[in-house]
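The values are calculated or read from the model by the stated rules, or taken from the named source; none is laboratory data. Bear in mind the structure is a predicted one, so any value in this text is a computation, not a measurement. All Cβ positions, glycine included, derive from the backbone under ideal geometry; neighbour counts span all protein chains shown. With ligands, DNA and RNA removed, areas are computed over all heavy atoms of the protein, side chains included. Shrake-Rupley method; radii C 1.70, N 1.55, O 1.52, S 1.80 Å.
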Amino acid sequence: AEGHAEGTQLTENCHAWRSTEDEREKKFAPIIAEDRTPLKPFVREKLEKDAKRNWDIFYRNHQDKFFKDRHYLEKEYPMLATEKVTMLEAGCGVGNTFFPLLEANPNLKVHCCDCSPRAISIIKEDKAYDEQRV
């Protein structure tokens, strides 16, 4: 329909995506249920340590050019684009979620964190970075 709101379409797409996720969960649930072996502390610590290093390497190679800015969120969650809100984003990467929201809403404040120091540096170098809001 010509009057079909883009936000409504995004919501429908989101529900379709969730359905796919639910199907995958059902498919793999028996496998996950069988293996309850906890990770050895060494393996867990290595994975955690390597995650930070790997994300730093990723952002060294791609800077802020890999993920697209998420401009649809202001339509999906109108309160983030219009109201005085403080938002927390854990795992913010280089700000592809919150920078478009900051642009749309001058009353938005964001607290963000990421395991990659390089990602945080890229955020602080962005022309849209405002220390009073981020």
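Observations, loosely collected:
- Counted as qualifying within region 22-113 are the helices (runs of 4 or more DSSP H) with 2 or more residues that are over 20 Å from the mean Cα position of the chain (by Cα), namely 41-62.
- Number of positions in region 88-134 that are basic (K, R) and surrounded by 13 or more Cβ atoms within 10 Å (Cβ to Cβ): 3
- The residues of region 62-87 that are under 16 Å from D114 (Cβ atoms) and either at pLDDT below 85 or open to solvent by 100 Å² or more (accessible area, probe 1.4 Å) (or both) amount to a single one, F66.
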